[in-house]
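To keep things clear, I will list the structure first and then write my remarks on it.
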Amino acid sequence: MSVLDSNIPEGPLKDKWTKHKNDINLVNPANKRNIDVIVIGTGLAGGSAAATLAELGYNVKTFCYQDSPRRAHSIAAQGGINAAKNYQGDGDSNYRLFYDTVKGGDYRSREANVYRLAEVSGNIIDQCVAQGVPFAREYGGLLDNRSFGGVLVSRTFYAKGQTGQQLLLGAYSAMNRQINRGKIQSFNRHEMMDLVLVDGKARGIIARNMVTGEIERHSAHAVVLASGGYGNVFFLSTNAMGSNVMAAWRAHRRGAYFANPCYTQIHPTCIPVSGDHQSKLTLMSESLRNDGRIWVPKKKEDAIAIREGKKKPTELTEEERDYYLERRYPAFGNLVPRDVASRAAKERCDAGFGVNKTGEAVFLDFASAIKRYGKEQAFTSGNKNASEAEIIKLGKEVVESKYGNLFQMYQKIVDQNPYETPMMIYPAVHYTMGGLWVDYNLQTTIPGCYAAGEANFSDHGANRLGASALMQGLADGYFVLPYTIGDYLSKDIRTGKISTDTPEFEAAEKEVTDRINKLLNAAGKHSVDYYHKKLGKIMWNKCGMARNAQGLQEAIEEIKELREDFWANVKVTGATDGKNAELEKAGRVADFLELGELFAKDALHRNESCGGHFREEYQTEEGEALRDDENFKYVAAWEYKGNPRDAQLHKEELDFKNIELKTRSYK
Amino acid sequence: MKLTLKIWRQENANVKGKMVTYPIDGIEGDMSFLEMLDVLNEELINKGDQPVEFDHDCREGICGACSLQINGEPHGPDKLVTTCQLHMRSFKDGDTIVIEPFRAKAFPVVKDLIVDRGSFDRIQQAGGYVSVNTSGNTIDANSIPVNKHDADDSFAAATCIGCGACVAACKNASAMLFTSAKVSQYALLPQGQVEATERVQNMVRQMDIEGFGNCSNTGACEIECPKGISLENIARMNREYMSATSKG
Amino acid sequence: MGGLIKSSVAKKFAMALSGLFLVLFLAQHFTINLTSVIAPDVFNELSHFMGTNFLVQAILQPVLIFGVVFHFIMGFVLEIHNRKARAVNYVNYNGSANSSWMSRNMIYSGAVILAFLALHFYDFWVPELIHKYVQSHPEDPARYYTETVAKFESPVRTGLYVISFIFLMLHLLHGFASSFQSVGWNNKYSKGIQGFTKAYAIIIPLGFIFIALYHYINNL
């Protein structure tokens, strides 16, 4: 028997969550006033959890490294949020959303969690609309939907290309209401440096005030980590510059198991890297694949000519183009899931068909969509014999109304007009499905320490479907965690205020200060970014879209060496007593240098290909992922043992009672 | 590209700052403005100097963290972009670029180019929300139809990223565009009606308390706003405010 | 009204209303002045009416003076407050990139107009008061035209008059349209209103300048 107890309620899948809510202990309103909860991170999961906990009556303290809770990186999510509302009448249901998510995750997620996610998805939309989130609407005044990769229904609610922004501002407004009531104290420009355990329970954190440099102690009866993912271990990703793993990693070091670190989503539609100076990558929403067709030239000569600027992509005829997704996956075409689309792009580019200077880009073409929309528009407006030019003009207007801000963003960055010439895209690290292991209640293996949103591992398995991250963050924060945490806190109603004047807090604070001093007093040879970029290269080349045993073994060694070099030779300028961006970065990179090694170790142990984890040794003859359900149908949860390579593996077997395990096919 | 940078350096809020000149070379047009500053900082660090501190996070124009007054304009010379989306191809070899923090009494300097925009948070806290609890049994989302035109206008107002360019551009350091965008988002939706009177009054009161200047309709805010938030929102807020005041 | 005027929005609202009132007054003043070019008799008649009618003298005139004083004092109060809102100034501030010169310099165009008003009061209103109340001359409905025309003999005064009205034009070019925005009027008709206010802002001051130059040239 595994040490991991997922606490999944008994009973049929459909009734589990309802039954669980009825069974768990509650805290009465008067007692909630005496209970403090710390929430780390104020994105969709953290912001919504903080607001809801405060509404319930708990005293909440939120922490974010940004200058305002509103800037958490959930804000950058573009495309939309899924919900099984079936407003389009296309046969959607909770079960279908559940099924799509489990299948999309390549059968590596927990059934009960995913079903609950599907169940509350509709509530999220209701809640957000009630808050005044301005979703896109149809002329009849009702909500509009679009479709996303990996599914056959339209269930994605959106607000142009800024859905994440609108949802986050909704959660932020709910937080603001509670801040105004005095129920939330918001600590901005504060970074969690460590988790404090008292008698084995999470009882507080050590935080650094990033403006004054002060090291602060904060106590609480429970700590919620909603600190996001760790995609920045790759240096270049679509994550924000500040996104980091520190909170989760510190908790891991204190005893929280880290699950499936190798499950990383490489998003197929990002703007390609333009040079060595590149600091981050920009995503082009997956929604573009609704209307854009992905292709590379059929002939290598054409690819080379385009790379050298001798030929323009628009000069190639239809016959000279290879719409490889439509060719390989006729059923889903350009809307295959992200992992599939990314690997297909890499396959074409590795074969020499890449279309930009570096040979690492494919085209995303809107020409046919512009024509199709233009014809439709001309027809409905009564112009039955519109000329080609008129059609294109009308079509461009339609495309602009759908994706205008994305096209504008592309043009700003690349300096090319995507209405005239196809966009160039390439996969980039986007999301991490792995994270802190949590049970059904979202509690980590440390009692009283919870993880929500991208920071936990629970719902997406080995690959996340588009528009599901927003759904999960808000489901966790609004509808799951605020209730499940009550079960734990109900035992704390007599505990009273937790003192920070204890040996545990003192010891944790000393560790934090020592670590900072160590960083500041290293030999000072190379900047923090120097190490971060090196780590990123190792990760991308050896733990990226395609991995093999040899590369992963090398990665483990190289990361270890790099980490030792970092601690000996890093150069951190400035002092501790004030704003110091270099010091902040150094602390984060130090943790990435540990996580990276565990990542590689996890990827090495998983001798199968599933979702975002593709092992070159395990593929079909056609190059599709080859899963091994017999040996790897489990969650790999790693226990910290002082060194990433010594981490101990714990398995949570995944039990599929409601879905038949199949080879994922999008053909 | 070879450039001369003149950058405001200030150790912290309590000491005086000054402009410092840095020559920089090897800048490419494809770099974003912040990547150009990354290059400068890497050089400064290697020399053992203090790197220039500036706010930034998502680097894709949506988080609103990046600020910077560049050659006298917030987010630089290009329109409808944030500093992180501004690319060096907008400058020429040999240019001198003056980089300052956003200036307003309500945005005190934290360090170098970083300012404290907490005043914006406090304006939102004063009423920028609809008072609805999370219950899971709010009415079905489609039971409140919203006219598409209103929904679109509301969305357009809600796209404000809270960067503060409006304040930085305004000769009066007024926060009317920011405040009115939030007021408008709710004023245009049925969900926002119940609290409309208190909302606009409380938010304007907080805006005044924070020490922002008055709007004199120069329109600079609208032009410099990276999200193109319209001046119509300010007119709407004026209207809402006066009608709220007349209701008492 | 006292509590109301504390807020920045209400101040702007009051500023706009007083401004709109003064714009109306300007139109009326211009109409009367124009008669001095077209029909001196009508000018005398109107001037006499304005100078002696009880309603005008006892009610409209105090309201006007209040409007003028309020607009100026509030203008200065707002300007001082606005300057305080930016404690440290920019080294480099490129205002022309995003706003018109007129909109940024209302305080200066306003100050010139204030100085002009002082001159105007000294020229017309003070002598008028002395004439009517100190020296207690009997009513003479025919004196206004000659007195007015006589003022434009001096090239200096005429020059100052012209310059002042150029500043008034600049002030109105921003202020008139702006007052609609301040009272919350910005909708699909605003483009039309903008055009009207711009035309008004140019034509009325030019008209005043024309009248001044006409009399000056006639005096030569």
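All of the numbers you see were taken from the coordinates with simple rules; none came from a lab. If you're wondering where the values come from, they're calculated on a predicted model, not measured in any experiment. Quick reminder, even Gly has a Cβ in these numbers, built from the backbone with ideal geometry, and neighbours come from all protein chains shown.
Structure above, values below:
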| read-out | value |
| --- | --- |
| Relative exposure of A:LYS491, A:LYS667, judged by other C-beta atoms within 10 Å (fewest first) | A:LYS667, A:LYS491 |
| Acute angle (nearest 10 degrees) that the helix A:163-180 long axis makes with the longest principal axis of chain A, alpha-carbon atoms | 30 |
| Debye log10 I(q)/I(0) at q = 0.12, 0.16, 0.22, 0.24 Å⁻¹ for region A:367-452, Cα point scatterers | -0.57, -0.71, -1.01, -1.10 |
| Most mobile of C:SER100, C:SER182, C:SER47 in a GNM of chain C (Cα contacts under 10 Å) | C:SER100 |
| Over region A:547-647, relative contact order from alpha-carbon pairs under 8 Å, at least 6 apart, % | 29 |
| The protein assembly as shown, helix-only ellipticity at 222 nm - DSSP H runs n ≥ 4, -39,500 (n - 2.57), divided by all residues, nearest 500 | -14000 deg cm²/dmol |
| DSSP-defined beta bridges in region B:3-111 - what % are antiparallel, rounded to 5 | 75 |
| Cα-Cα P(r), region A:269-429, percent of pairs per 5 Å interval | 2, 9, 18, 21, 20, 16, 9, 4, 2, 0, 0 |
| Cleavage-rule hits, GluC sites (Glu not before Pro), region C:125-213, DSSP coil, Cβ neighbours within 10 Å at most 16 | C:GLU139, C:GLU153 |
| In region B:71-101, the trypsin sites (Lys or Arg not before Pro) that fall in loop regions by DSSP, at most 15 other Cβ within 10 Å | B:LYS79, B:LYS92 |
| Span from the region A:617-648 Cα centroid across to the region C:110-185 one, whole angstrom | 89 |
| For the protein assembly as shown, Kirkwood radius (reciprocal of mean inverse C-alpha pair distance, Å) | 32.0 |
| Residue of B:ASN46, B:ASN172, B:ASN12 that the Gaussian network model of chain B assigns the largest fluctuation, springs spanning Cα pairs under 10 Å | B:ASN46 |
| Where only alpha carbons of region B:3-111 are counted, the Rg and the Dmax (Å) | 13.4, 37 |
| Cα centroid separation - region A:82-136 against region A:536-588, whole Å | 37 |
| Region A:329-374 shape via C-alpha gyration tensor axes, a/c threshold 1.5 | oblate |
| Sorted by Cβ neighbour density within 10 Å, fewest at the top, the residues A:VAL114, A:VAL120 | A:VAL120, A:VAL114 |
| Volume per residue that the Cα convex hull of region A:501-633 spans, once the total is divided by residue count, Å³ | 140 |
| DSSP bridge pairs, region A:545-661: antiparallel proportion in percent, nearest 5 | 90 |
| GNM flexibility winner over chain C from C:ASN82, C:ASN98, C:ASN187 (Cα, springs under 10 Å) | C:ASN98 |
| Size descriptor, Kirkwood hydrodynamic radius, that averages inverse alpha-carbon separations across chain C, Å | 19.3 |
| Antiparallel %, DSSP beta bridges [both residues in chain A], to 5 | 70 |
| log₁₀ of I(q)/I(0) at q = 0.06, 0.09 Å⁻¹ - chain A, Debye sum with one point per alpha carbon | -0.32, -0.73 |
| Size of electric dipole in region C:96-161: Cβ of Lys, Arg +1 and of Asp, Glu -1, about Cα centre, debye, nearest 20 | 300 |
| Relative contact order [Cα under 8 Å, 6+ residues apart], chain A, whole percent | 21 |
| Sparsely packed trypsin sites (Lys or Arg not before Pro) within region B:1-55, loop by DSSP, other Cβ within 10 Å at most 14 | B:LYS2, B:LYS16 |
| Measure of compaction for region C:121-220 (Cα Rg per 2.2 N^0.38 Å) | 1.44 |
| Span from the region A:276-347 Cα centroid across to the region A:229-260 one, whole angstrom | 31 |
